[in-house]
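Beneath this line is the structure, given in structure tokens, with notes to follow.
The values are calculated or read from the model by the stated rules, or taken from the named source; none is laboratory data. Bear in mind that the values here come from a model prediction, so they are computed numbers and not experimental data. All Cβ positions, even for glycine, are placed from backbone atoms using ideal geometry, and neighbour counts span all protein chains on display. Ligands, DNA and RNA are excluded from the accessible area calculation, which covers all protein heavy atoms including side chains. Shrake-Rupley method; radii C 1.70, N 1.55, O 1.52, S 1.80 Å.
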Amino acid sequence: MITKKVNGVQEAIEGINSGMTIMFGGFGLCGIPENTIAALVNTSISDLTCISNNAGVDDFGLGLLLQKKQIKKMISSYVGENAEFERQMLSGELEVELTPQGTLAERCRAAQAGIPAFFTPAGYGTEVAEGKEAREFNGKMHIMEEAFKADFSIVKAWKGDEAGNLIFKGTARNFNACMAGAGKITIAEVEELVPVGTLDPNQIHIPGIMVQRIFQGEKFEKRIEQRTVRAKIR
């Protein structure tokens, strides 16, 4: 059995260089590859193009890469809770390509499946459609969107085995599932790394063929962006 296990995050990020395009799984702060992002922050890598639903918050997740000006361009669905992201975008310091959320997910999935492009009605008649081919299907106009081309895809899973098979937990599955295998090299950061044969094959969400490197992370904070609680009943 081929093992995909690497000896920690430093070995996992080998080959990531300035100017590359990288996918980051997660939705806000849910299911983000915390250890890998932190390791990249401690490098001199810059001019990155990052594909992620959003950039988290100012002092955590991709917000840390933004603070160090390591990101040149963000391809995202929305600005979200990150004030620094908004500031850099409005000041022209950061190039931003806003993409409908479903289109973002499908461009990842298309790359994962080896599909070069697809048609979607989302964005037709708006700035999103500028410069893109439009075609009518069943009386409705659609625009063509191309699959992403990323050098690395970095995802976070709940459990994984040394062959790269992954299991996600709850909503932390989000963009991680469609980004696994969507880059030339996929790095999987997991909470628990187990020997091959430990995972129930029926529970596996992503097969190991989609993953090239896997390691067990540590000290996950799992922050919550907006904590909402019910008022105390007296």
Out of curiosity, is PHE118 of a type in the set (Phe, Trp, Tyr) and open to solvent by 50 Å² or more (accessible area, probe 1.4 Å)?
no
Tell me, which strands (runs of 3 or more DSSP E) lie completely within the range 127-234 with 3 or more residues that are under 29 Å from ILE2 (Cα atoms)?
150-161, 183-194, 213-216
When you scan the range 84-92, do you find a residue that is open to solvent by 30 Å² or more (accessible area, probe 1.4 Å) and either in a loop (DSSP other than H, G, I, E, B) or touching a residue at least 60 places away in the same chain (Cβ under 8 Å) (or both), even just one?
yes
Go through (1) touching a strand residue (DSSP E or B) at 6+ places or on another chain (Cβ under 9 Å); (2) farther than 30 Å from MET141 by Cβ and name the single condition GLU86 misses.
(1)
When residues of the range 6-36 are limited to those that are among the polar types (S, T, N, Q) and without any contact (Cβ under 8 Å) to a residue 60 or more places away in the chain, the one nearest to SER153 (Cα to Cα):
ASN17
Would you mind telling me which numbered condition in (1) out of contact with any Lys or Arg (no Cβ under 7 Å at 6 or more places or on another chain); (2) over 30 Å from GLU221 (Cα atoms) THR103 fails?
(2)
Given the structure, is MET144 open to solvent by less than 50 Å² (accessible area, probe 1.4 Å), touching a strand residue (DSSP E or B) at 6+ places or on another chain (Cβ under 6 Å) and of a type outside the set (Gly, Ala, Ser)?
no
Matching residues, the range 147-178, being open to solvent by 10 Å² or more (accessible area, probe 1.4 Å) and within 18 Å of ILE16 (Cβ to Cβ):
PHE148, LYS149, ASP151, LYS156
Since VAL79 meets every condition but one in (1) part of a loop (DSSP other than H, G, I, E, B); (2) modelled with pLDDT of 95 or more, which condition does it not meet?
(2)
Would you confirm, using the coordinates I've provided, whether THR126 is among the polar types (S, T, N, Q) and open to solvent by 10 Å² or more (accessible area, probe 1.4 Å)?
yes
For the range 74-83, name all the residues that are over 14 Å from the mean Cα position of the chain (by Cα) and open to solvent by 10 Å² or more (accessible area, probe 1.4 Å).
VAL79, GLY80, GLU81, ALA83
Are there any pairs, at least 6 apart or on different chains, whose C-beta atoms fall under 6 Å, with the first in the range 193-204 and touching a residue at least 40 places away in the same chain (Cβ under 8 Å) and among the β-branched types (Val, Ile, Thr) and the second assigned to a loop (DSSP other than H, G, I, E, B) and open to solvent by less than 70 Å² (accessible area, probe 1.4 Å), and if so, which?
VAL196/GLU162; VAL196/ALA163
Restricting to the range 207-230, give me the number of residues that are of a type outside the set (Val, Ile, Thr) and open to solvent by less than 80 Å² (accessible area, probe 1.4 Å).
9
Determine if the range 179-196 includes at least one residue that is open to solvent by 10 Å² or more (accessible area, probe 1.4 Å), farther than 30 Å from ASP59 by Cα and under 20 Å from the mean Cα position of the chain (by Cα).
no
